[in-house]
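S.K.: Next up is a structure, given as structure tokens.
No value in this document is a laboratory result; all are computed from the given coordinates. No experiment lies behind these values; they were computed from the predicted model shown. When we count neighbours, we look across all protein chains shown, and the Cβ atoms used for this are built from the backbone with ideal geometry, even at glycine.
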Amino acid sequence: MINKTKKEKLDRIYEKGIDPYPSVFKVDSDSSKIKTKFKDLEKGEHTKNKVSIAGRIMQNRPMGRACFMNLLDKEGKIQLYFRQDDIGKEEYKKLKLLDIGDIIGVKGTIFNTKTGEITIHVDSFQILTKSLAQLPEKWHGLKDQELRYRKRYIDLISNRDVFNLFIKKTEFIKNIRKFLDQNNFIEVETPVLEQVPGGADAKPFITHHNTLDIDIYLRISLELHLKRLIVGGYDRVFEIGKVFRNEGMSTQHLQEFTLLEFYAAYMDYNDLMDFTEEFFKTIIKQTFGTLKIKFQNKEIDFGKKWPKIDYTKIIKEKTGIDLNKEDTKEKLIKAIKEKHLKLDMDENLGRGRIMDQLYKEYIRPHLFQPCFLINHPIDISPLAKKHKDNPKLTQRLQMVVAGAEIVNAFSELNDPIDQRERFEEQMKLREAGDEEAQMIDEDFIEALEIGLPPTGGFGMGIDRFFAILTDQDTVRDVVLFPMMKPEEN
């Protein structure tokens, strides 16, 4: 909302023939470089070193014929010193037209004040952007959580920790790319709009293609197109991209999130466990300088060897339910009721979905240190290769930490006949009312018929994992512009 006083000052700026929104201002330094370069100046010492920087006014302290301001740029804050005798009376009067929030460019020399603060002694300044809306009070910042998400641009100005958090996230993603590049993966892009969504159990968003006059879906994963590329001869591919799932929101879930998936020919899930552990230890150490991370007042140690936990065994240990024995949906429901376990027992859900709810309610929240969950039943793994020793299980792993699933990875199913049968089972669940069950993708099956080599596949939600690594309460804290309920007018 336009502030009346600021608008009046804007009008006065125009009356003086000043452009308050010029196109360019040449900068040659920033607050961090200046403070680092001149950190050894003695108190009261002046230099003849000239600098040109730009930023946003965050504090204004006029004192008669002199004025101090704090300027915020991308690296932080630095103090400015204006003196009427140096810049001239008419120029000095223009300072009264400036407000907190305005963006200015300044040129001047460096000195250290008597109180020990590196400061720019301004020779000249230029208004670059007149701010017309009021910023929050500098000592309060932006505290309202919902407002922080809706007005992230104000949040970034007001909360330096938030600003630096997203710089760190960019560094984290760069380190992901660097590791995969060093291991001979190539980065690719695959379609966001799909005629058949696949690669995950999730309800998709539906939109309409006007030219083709067909309904299409926003992708729910990156998987099936990336595996088509392995069929086409690329041995190692990865993509970092947005996916969309029309499901509930929570501290760990958003409908739009950033997913990393990679696929490597001639890897199986045992290879993936070794590779995943090396991958995480490398990128965490590069990004944070340590493998010991604080989360919710507890320490996560990524440096130790990660244990492998059998899915079926831990469910039996923690709930008393033997998934090998309760091998039908009816038997499983009966066992859950007999043990008085509280779950959503929607009759439309298949055995796999009920099993997954059992795991998410009674197992996953208690897995705090990083570990691999392995040997998942085939009911919940429609795209994973069967276990060679037990066809009821699959060659799948999940990396779990802090009660959250971070990685889902497989020895990928490359038998086209087996894949079709599993898709058909999924379609039966879908027709019975399970909106998250997968559809049959005929083109993907055809790609498997051409021939997918033995392949290991990996998927990770970047936002969720980064939220844990930076000790955030919710995944929204690490997404610049999370989806929000519309504001009421």
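S.K.: With θ taken as phi - 60° and the coefficients 6.51, -1.76 and 1.60, list the Karplus ³J(HN,Hα) couplings across the stretch 33-44 in order, rounded to whole Hz; mark glycine and proline as x.
M.R.: Working through the residues one at a time gives 4, 5, 5, 6, 5, 10, 5, 9, 5, 6, 4, x Hz.
S.K.: Report the label-to-label distance for Lys308 and Met249 in nanometres (one decimal), using points 7 Å from each Cα along the Cα→Cβ vector.
M.R.: If labels sit at Lys308 and Met249, their model points lie 4.0 nm apart.
S.K.: So, one more: Over the Cα atoms of the stretch 434-479, what Rg and Dmax result, in angstrom?
M.R.: In Å, with Rg to one decimal and Dmax whole: 17.5, 46.
S.K.: With a Förster radius of 30 Å, plug the Cβ-Cβ distance of Lys292 and Asp389 into 1/(1 + (r/R0)^6) and report the FRET value to the nearest 0.05. Write down the numbers at each step before the final one.
M.R.: Numbers: r = 36 Å, r/R0 = 1.21.
Given R0 = 30 Å and the Cβ-Cβ separation, E is 0.25.
S.K.: Shifting gears a bit: How much net charge surrounds Met273 when only the other residues with a Cβ under 13 Å from the Cβ of Met273 are counted, with Lys and Arg +1 and Asp and Glu -1?
M.R.: On the way: positive: Lys281, Lys305, Lys308, Arg396; negative: Asp268, Asp271, Asp274, Glu277, Glu278.
Value of the local net charge: -1.
S.K.: Quote the relative contact order of the chain in percent (integer), defining contacts as alpha-carbon pairs under 8 Å separated by 6+ residues. Working shown, then result.
M.R.: Numbers: 895 pairs, mean separation 62.2, N = 489.
With pairs under 8 Å counted, the relative contact order is 13 percent.
S.K.: Please work out whether the stretch 373-441 counts as rounded, prolate or oblate from its C-alpha gyration tensor, where a ≥ b ≥ c are the square roots of the eigenvalues and a/c under 1.5 means rounded, while otherwise a/b larger than b/c means prolate and anything else oblate?
M.R.: oblate
S.K.: If you don't mind, another one. Is the shape of the stretch 4-135 best called rounded, prolate or oblate, per the rule: a/c under 1.5 gives rounded, else a/b larger than b/c gives prolate, else oblate, with a ≥ b ≥ c the square roots of the Cα gyration tensor eigenvalues?
M.R.: Prolate shape, in that a/c is at least 1.5 and a/b is the bigger ratio.
S.K.: Here is a follow-up. Under 14 Å Cα-Cα from Lys107, which aspartates and glutamates qualify once same-chain neighbours fewer than 8 residues away are excluded?
M.R.: Partners found: Asp28, Asp30, Asp86, Glu91, Asp123.
S.K.: Continuing with the same structure: Per DSSP H run of n ≥ 4, the term is -39500 (n - 2.57); total these for the chain, divide by its residue number, and report the mean residue ellipticity at 222 nm rounded to 500 deg cm²/dmol. Before the final figure, lay out each step's value.
M.R.: On the way: 15 runs with 158 residues, N = 489.
Taking each H run of at least 4 residues, the total per residue is -9500 deg cm²/dmol.
S.K.: Just tell me which lysines come within less than 19 Å, Cα to Cα, of Lys114; anything on the same chain fewer than 8 places away is out.
M.R.: Lys35, Lys37, Lys39, Lys43, Lys48, Lys77
S.K.: How far apart, in nm, are two points set 7 Å out from the Cα along the Cα-to-Cβ line at Glu424 and at Gln182?
M.R.: Between Glu424 and Gln182, the simple spin-label model gives 4.8 nm.
S.K.: Still on this model: Please enumerate, by chain and number, the lysines with C-alpha under 17 Å from the C-alpha of Lys4, excluding those fewer than 8 residues away in the same chain.
M.R.: Within the straight-line cut-off, Lys4 pairs with Lys96, Lys130.
S.K.: State the volume of the convex hull built on the alpha-carbon positions of the chain, expressed per residue in Å³ and rounded to an integer.
M.R.: Values: hull volume 100.6 nm³, N = 489.
In the chain, the Cα hull volume divided by residue count equals 206 Å³.
S.K.: Is the shape of the stretch 64-154 rounded, prolate or oblate, going by the alpha carbon gyration tensor and its root eigenvalues a ≥ b ≥ c, with a/c under 1.5 for rounded and a/b larger than b/c for prolate?
M.R.: Working: a/c = 2.49, a/b = 1.71, b/c = 1.46.
Because a/c hits 1.5 or more and a/b exceeds b/c, the stretch 64-154 counts as prolate.
S.K.: Can I ask one more? At R0 = 60 Å, how high is the FRET efficiency between Glu442 and Thr113 if r is their beta carbon distance? Nearest 0.05 is fine. Display every interim value, and only then the final one.
M.R.: Working: r = 73 Å, r/R0 = 1.21.
Result of the calculation: an efficiency of 0.25.
S.K.: Once phi is turned into θ = phi - 60°, what whole-Hz ³J(HN,Hα) does the Karplus curve with 6.51, -1.76 and 1.60 give for every residue of the stretch 415-423, x standing for Gly and Pro?
M.R.: Rounded to whole hertz, the list is 8, x, 5, 4, 4, 4, 4, 6, 4.
S.K.: Enumerate the whole-percent occupancy of each 5 Å bin, from 0 to the last occupied one, for all C-alpha pair distances of the stretch 286-366.
M.R.: 3, 12, 21, 19, 11, 9, 9, 9, 5, 2, 0
S.K.: What fraction of the DSSP beta bridges in the stretch 46-199 is antiparallel, stated in percent and rounded to the nearest 5?
M.R.: Working: 33 of 36 bridges.
About 90 percent, rounded to the nearest 5.
S.K.: Under 5 Å between amide H atoms, partner at least 5 residues away or on a different chain: which partners does Ala384 have, H built in plane at 1.01 Å?
M.R.: Correct list: Leu413.
S.K.: Once phi is turned into ³J(HN,Hα) by the Karplus curve 6.51 cos²θ - 1.76 cosθ + 1.60 with θ = phi - 60°, what whole-Hz value does each residue of the stretch 285-302 show in order, with x for glycine and proline?
M.R.: 5, 5, 7, 10, x, 7, 9, 10, 10, 8, 9, 6, 6, 10, 9, 9, 10, 7
S.K.: Ok, one more. Would you kindly state how much longer the chain becomes between Arg12 and Glu431 on full extension, computed as 0.36 nm times their sequence separation minus their alpha carbon distance, in nm to one decimal?
M.R.: 144.0 nm
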